[in-house]
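J.: My questions will all concern the structure given below.
The values are calculated or read from the model by the stated rules, or taken from the named source; none is laboratory data. For clarity, every value in this text was computed on a predicted model and none was experimentally measured. Counting neighbours? That spans all protein chains shown, and the Cβs are built from the backbone with ideal geometry, glycine included. Each accessible area value is taken on the protein alone, full model and side chains, heavy atoms only, with ligands, DNA and RNA left out. Shrake-Rupley method; radii C 1.70, N 1.55, O 1.52, S 1.80 Å.
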Amino acid sequence: MQNITLKLKQASAVLGVPPKDLQNLVQLGVIRPARRNRVCCFDTNLLLEAKVAFYLKETLGSSSDLLARFTEALSKNLGKAKMGDLGDICLRSRPLNGADAVEIKIPLRSLAQELEDQIPKGSAYKDLPRGRKRAGWKKDFLRRVQKTAADLGDISEEEILRTVREYRSGRKKLPEITVVARTKKKMA
């Protein structure tokens, strides 16, 4: 994986998430990017940590405290390994009383590959300063709205509302949880 440095908006484009979601991870201490002149800078390891955090949040609905602890444990091990040598990892969380640990398997290799495929988006995405709009944005916006209106055609407002409700209810579905039985091997 190539070594790059991206700003927050560019990193969010690479990760495929809204900038606000990535900013929330930073503010909650889940990931800790380096700062230069009050600007967050994301390198490849940090992007992978964020990708794993979003993966865990999406699949487990984890709290920010747990996400921060998982990504901290991950970041300690990421510094030692090369991106090409990554495999799937298993996070274990043991309760204080010393009982059996809960294991979470994370497909780190496939997440790293997805991230590497998305990195070119970061250079194409312009990180404009806050409050400045690019030249011609009003004309582009108006053209897109007119095209969308033409594409909608004779769709009623009820159909639009029903489609929006279906989309939102689909996003609220809980993640699938499965049980995989493991047996301990008997030593002879």
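J.: Residue pairs, Cβ under 6 Å, 6 or more apart or interchain, first in the stretch 44-55 and in contact (Cβ under 8 Å) with a residue 12 or more places away in the chain, second open to solvent by less than 10 Å² (accessible area, probe 1.4 Å) and polar (S, T, N, Q). List them.
T.: E49/T71; A53/T71
J.: Scan the stretch 119-140 and tell me whether some residue there is among the polar types (S, T, N, Q), assigned to a loop (DSSP other than H, G, I, E, B) and at pLDDT below 85.
T.: No, the stretch 119-140 has no match at all.
J.: For the stretch 39-77, enumerate the residues that are modelled with pLDDT under 85, among the basic types (K, R) and closer than 16 Å to L22 by Cα.
T.: Matches in the stretch 39-77: K57 only.
Each row is one residue, and each column tells you yes or no for (1) hydroxyl-bearing (S, T, Y); (2) touching an Asp or Glu at 6+ places or on another chain (Cβ under 7 Å); (3) more than 30 Å from K172 (Cβ to Cβ); (4) in a strand (DSSP E or B).
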residue: A13; (1), (2), (3), (4): no, no, no, no
residue: D21; (1), (2), (3), (4): no, no, no, no
residue: V26; (1), (2), (3), (4): no, no, no, no
residue: N45; (1), (2), (3), (4): no, no, yes, no
residue: L48; (1), (2), (3), (4): no, no, no, no
residue: L67; (1), (2), (3), (4): no, no, no, no
residue: F70; (1), (2), (3), (4): no, no, no, no
residue: L74; (1), (2), (3), (4): no, yes, no, no
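J.: Consider the stretch 82-118. How many of its residues are touching a Gly at 6+ places or on another chain (Cβ under 7 Å) and modelled with pLDDT under 80?
T.: Residues meeting the conditions: 0.
J.: Still on this structure: Which one is most open to solvent (accessible area, probe 1.4 Å), of the residues in the stretch 50-65 that are at negative phi and not in a helix (DSSP H, G or I)?
T.: S63
J.: On to the next question. In the stretch 2-33, what residues are in contact (Cβ under 8 Å) with a residue 40 or more places away in the chain and either at positive phi or among the aromatic types (F, W, Y) (or both)?
T.: Matches in the stretch 2-33: G16 only.
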